[in-house]
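Read through the structure below, which is laid out as structure tokens, and then see the notes.
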Amino acid sequence: MTDASSLTLFNSLTRQLEPFQPVHEGEARVYSCGPTVYNYPHIGNMRAYVFADILGRTLSHKGYKLTHVINITDVGHLTDDADAGEDKMEKMAKAQSQSIWDIAAHYTQAYWADIKALNIRQPAKWSIATDYVPQMIEFAEKIAPNHCYELESGLYFDVSTVSDYGRLARAVTDEGEGRIEAVEGKRNAADFAIWRKTPAGEKRQMEWDSPWGRGAPGWHLECSVMSGDLLGFPFDIHTGGIDHREIHHPNEIAQNQAFCCAPEEACGLDVPANSGAKVWMHNNFLVERSGKMSKSSGEFLRLQLLIDKGYHPLGYRMMCLQAHYRSELEFSWEGLAAALVRLKRMIIVVERLGDVEAGDAGHPKLAPMLETFEKAIGDDLNTAVALTALEDVLAAKKVDASAKRAVVERMDAVLGLDLFGTRRADLRLRPKAAEITEAEIEDVLARRKAARAEKDFATSDALRDELAAKGVEAMDGDPLGWEWKLG
Ligand code: AMP
Ligand code: ZN
């Protein structure tokens with residue numbers, strides 16, 4: 001028997017699977033790096049939040065009181081993750097001739113719409129970076145004397161002042177981050193900006209006064225400050241996409257060490273809690289066949305594009321769950337269609353259960369499936385195996401509907417496929433480009449049914465052709481009970 005509460009997670013810091021041991025008895029505090037709201041999120045970005053959601057749901061399911069924070073970065077993130085390039089927000093605002101605040105508001109709303117569409121639970125708090133600037137200045141003042149130095153362009157963090165810099169990335173610190181553009185006077189290539197001064201004679205849309213002059217905080221500083229402020233150092237788990245394992249999170253860790261630890265000798269990362277969070281977790285990328293997913297090249301894969309093409313967003317959630325979060329996942333339209341059919345099949349069975357009340361989940365026939373499920377989800381969030389356990393429950397014979405419902409509800413509380421809140425008909429979205437509405441289709445189908453009842457096959461065939469001409473295929477005798485689909 002596995003202990004239903006057991007949970008093992010992969011810690012990127014140690015590169016090992018570790019049993020989850022909360023900092024505070026019975027609690028789990030989780031911080032997830034949120035989006036930079038200068039553009040719409042692509043579905044790759046959303047994979048990071050589906051992953052964080054599964055983590056949060058699993059922690060709740062295993063009995064921990066969850067506090068989850070996701071931030072919204074509305075200042076400070078440069079076009080290169082390190083210290084080069086322009087501020088992403090400033091750049092977009094200029095390109096669209098709008099204020100940064102309007103840009104941020106628009107794309108934050110768009111992101112939240114995707115969160116909702118993917119049935120991602122609301123975190124305890126959305127922390128907005130620009131709300132924390134005074135706290136960022138305070139944090140920087142505390143670490144500056146021992147860990148920072150000032151240049152004309154800003155206040156920089158000296159990475160040689162903390163032990164084990166870059167361990168998370170397994171980076172060669174001598175070479176720093178290769179990609180960082182040289183900033184005149186930097187002591188180490190990997191040193192990064194804590195505060196970016198506004199160059200003399202320039203004015204930024206977003207700038208604040210600080211002991212180092214007018215300017216804006218560095219991106220890495222934001223996450224250290226918001227996570228520490230809202231969750232308290234050390235907290236349990238920090239998440240992000242795998243790109244953050246290379247620059248953003250090593251820099252956050254260095255800041256956290258500087259902030260939390262004294263004397264410095266005792267601050268090494270052999271004690272994971274010195275990094276500010278005990279566990280650092282990273283989801284792998286969603287990729288396109290052609291390579292990296294990007295907002296600028298080719299078809300911009302936003303969730304809305306999937307919807308416009310007639311794919312229900314929960315089909316994309318299913319697609320994410322079919323892969324392990326630490327594996328790369330290649331996006332394809334065929335893969336998405338297959339994931340949607342899988343979801344459809346589940347929902348059809350759930351609909352057949354009818355409106356029975358959930359009964360006792362302890363049915364002996366379902367116990368082994370529930371155990372497989374618990375074990376899988378507790379084993380570093382193995383959603384792929386958990387899904388098969390769910391399907392086994394749905395397919396189980398001679399089990400009363402109330403017991404089935406109880407077990408399926410329990411499983412779906414973790415997987416979040418909204419099996420009870422979604423009807424089969426909801427999954428059928430009309431592509432934006434379609435020339436015919438559902439009502440028109442239903443009307444033709446009803447007339448066709450009547451014609452067939454009268455054995456008027458000529459009319460029936462003519463009506464089928466009428467639909468076909470508008471791109472609608474009538475699906476007689478479809479095993480899933482679909483009456484039509486769009487070609
Ligand atoms: P950003 O808005 O660029 O800060 O990214 C938001 C989140 O998405 C971060 O956690 C990134 O690490 C993550 N991310 C970016 N691209 C991808 C991708 N293709 N697949 C999965 N996660 C990604
Ligand atoms: Zn972050």
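The values are calculated or read from the model by the stated rules, or taken from the named source; none is laboratory data. Note that the structure is predicted; figures quoted are calculated from it, not measured. Ideal geometry is used to build each Cβ from the backbone, glycine not excepted, and the neighbour counts take in all protein chains shown. Accessible surface is based on the protein model in full, side chains and every heavy atom, while ligands, DNA and RNA are left aside. Shrake-Rupley method; radii C 1.70, N 1.55, O 1.52, S 1.80 Å.
Quick look at the numbers
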| read-out | value |
| --- | --- |
| Residue list for the range 269-294, restricted to those being at negative phi, surrounded by fewer than 15 Cβ atoms within 10 Å (Cβ to Cβ) and of a type outside the set (Ser, Thr, Tyr) | Asp270, Val271, Val287, Arg289, Lys292 |
| Long-range neighbours under 6 Å by Cβ, at least six apart or interchain, first residue assigned by TED's automatic domain parsing to the domain that holds Ala110 within the range 26-51, second of a type in the set (Val, Ile, Thr) and within 15 Å of ligand 2 (Cβ to nearest atom) | Val30/Ile237; Tyr31/Val69; Ser32/Ile70; Ser32/Thr239; Gly34/Ile70; Gly34/Ile72; Thr36/Thr73; Val37/Ile72 |
| Subset tally (residues that are open to solvent by 10 Å² or more (accessible area, probe 1.4 Å) and touching a helix residue (DSSP H, G or I) at 6+ places or on another chain (Cβ under 6 Å)) for the range 206-222 | 2 |
| Output for the range 333-344, where each listed residue is within 16 Å of ligand 1 (Cβ to nearest atom) and open to solvent by 20 Å² or more (accessible area, probe 1.4 Å) | Gly335 |
| Within the range 406-424, considering residues that are among the aliphatic types (A, V, I, L, M) and farther than 14 Å from Pro313 by Cα, the one farthest from the chain's Cα centre (by Cα) | Ala406 |
| Strands (runs of 3 or more DSSP E) lying entirely in the range 1-76 (those with 2 or more residues that are more than 16 Å from ligand 1 (Cβ to nearest atom), in contact with a Lys or Arg (Cβ under 7 Å, 6 or more places away or on another chain) and open to solvent by 30 Å² or more (accessible area, probe 1.4 Å)) | none |
| Checklist (1) surrounded by 22 or more Cβ atoms within 10 Å (Cβ to Cβ); (2) under 27 Å from Pro431 (Cα atoms); (3) within 14 Å of the chain's Cα centre (by Cα) applied to Leu306, failing item | (3) |
| Single match in Thr36, Thr67, Thr58 (criterion: of a type in the set (S, T, N, Q) and at pLDDT below 95) | Thr36 |
| Long-range neighbours under 6 Å by Cβ, at least six apart or interchain, first residue under 24 Å from His249 (Cβ atoms) within the range 77-102, second β-branched (Val, Ile, Thr) and modelled with pLDDT under 70 | Ala82/Ile180; Asp83/Ile180; Gly85/Thr79; Glu86/Thr79; Lys88/Thr79 |
| Flag for Gly228 being under 25 Å from Thr8 (Cα atoms), more than 13 Å from ligand 1 (Cβ to nearest atom) and open to solvent by 10 Å² or more (accessible area, probe 1.4 Å) | yes |
| Any helices (runs of 4 or more DSSP H) falling wholly within the range 355-464 and containing at least 3 residues that are open to solvent by less than 50 Å² (accessible area, probe 1.4 Å) and within 25 Å of Ala339 (Cα to Cα) | 367-378, 383-395, 401-415 |
| The listed residue being among the β-branched types (Val, Ile, Thr), modelled with pLDDT of 95 or more and either away from ligand 1 (no atom under 16 Å from the Cβ) or assigned to a helix (DSSP H, G or I) (or both), out of Ile237, Ile137, Ile180 | Ile137 |
| Positions within the range 83-131 being open to solvent by 30 Å² or more (accessible area, probe 1.4 Å), small (Gly, Ala, Ser) and modelled with pLDDT under 90, in sequence order | Gly85, Ala95, Ser97, Ser99 |
| Criterion violated by Trp212 - all others in (1) in contact with a Leu (Cβ under 9 Å, 6 or more places away or on another chain); (2) within 16 Å of ligand 2 (Cβ to nearest atom); (3) of a type in the set (A, V, I, L, M, F, W, C); (4) at pLDDT 95 or above satisfied | (2) |
